[in-house]
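Some notes on the structure that comes next.
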Amino acid sequence: MSSSKNNGNVALIVAFAATAIIYVRRSRRRRRSQSIDRSDTCFTFGDNSGSETSIPPGLRGRIGSRGMAALGPSIPYLDGFLKCLLDACDPVANPHGHIAVCVAENKLVTEHLAERLMQPGTATSAFSDSIVYGYNGFLGLPQAREAVAYFVARKFLCPDEPHLSPESALERVRPEHVALGSGCAALLNYLFFALAEEGDAVLIPAP
């Protein structure tokens with residue numbers, strides 16, 4: 001009796017699995033056909049001459065909609081950015097060259113950062129804790145947040161106190177109130193996600 005019951009359960013499981021596989025395959029075909037229709041009507045990509053070309057037929061239905069969108073027209077300032085790279089401004093060698101204002105890079109501090117990072121004890125102190133080699137909080141490493149809090153307090157809140165101790169500085173700016181991100185775009189995304197609602201408008205000065 002138990003054997004026939006087990007066989008019946010196995011048969012039900014097999015039937016359910018077969019039905020699920022058929023459903024998944026049909027869903028994939030449906031999405032693929034929809035993506036083909038979208039690619040025929042929506043997505044084009046351009047070359048440097050400004051002309052637009054249809055999606056190559058070999059790609060239709062083989063990549064997702066986000067991949068199709070990536071083949072669309074490039075960002076409007078890409079040509080200007082490439083021109084800046086080819087003819088970059090240099091105060092001595094090329095003073096009449098181009099300056100790219102669409103990239104958030106502070107070239108004025110590059111030499112200072114290199115000098116600081118190449119000091120003998122910097123690498124040892126920065127990478128001696130095993131916490132830096134694994135996943136951490138999205139707000140940044142605790143040591144880095146403490147360092148930023150101390151810097152903000154010493155340089156901006158208390159510039160007239162050159163001998164401000166780290167303990168006093170961290171009372172002015174608490175590390176748990178500091179968040180680090182990989183660039184302005186990431187930090188703005190954090191802020192909008194936390195503060196804004198659907199339909200809200202935000203003004204950002206550019207560049």
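The values are calculated or read from the model by the stated rules, or taken from the named source; none is laboratory data. On a predicted model such as this, the values are computed, not experimentally measured, just so you know. Here Cβ is always computed from backbone atoms with ideal geometry, including for glycine, and neighbour counts include all displayed protein chains. What goes into the accessible areas is simple: the full protein's heavy atoms, side chains included, and nothing from ligands, DNA or RNA. Shrake-Rupley method; radii C 1.70, N 1.55, O 1.52, S 1.80 Å.
Key figures
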| item | result |
| --- | --- |
| Accessible carbon and sulfur surface of region 159-204 relative to its total accessible area, %, 1.4 Å | 58 percent |
| Heavy-atom surface of region 117-207, accessible at 1.4 Å and reported per residue (Å²) | 82 Å² |
| As computed over region 134-207, the Cα convex hull volume per residue (Å³) | 133 Å³ |
| Residue-count net charge about P162 - beta-carbon cut-off 13 Å; Lys, Arg +1, Asp, Glu -1 | 0 |
| K83 - accessible surface, heavy atoms, 1.4 Å probe, Å² rounded to 10 | 110 Å² |
| Region 64-116 shape via C-alpha gyration tensor axes, a/c threshold 1.5 | oblate |
| Region 180-186 - phi-based ³J(HN,Hα) in whole Hz, Karplus 6.51/-1.76/1.60, Gly and Pro as x | 10, x, 8, x, 5, 4, 5 |
| Placed amide H near A88: partners under 5 Å, 5+ positions off or other chain | H98 |
| Low-density loop positions, GluC sites (Glu not before Pro), region 108-207 - DSSP coil, at most 13 other Cβ in 10 Å | E197, E198 |
| Chymotrypsin sites (Phe, Trp or Tyr not before Pro) within region 74-142, DSSP loop, no more than 14 other Cβ atoms inside 10 Å | Y77, Y135, F138 |
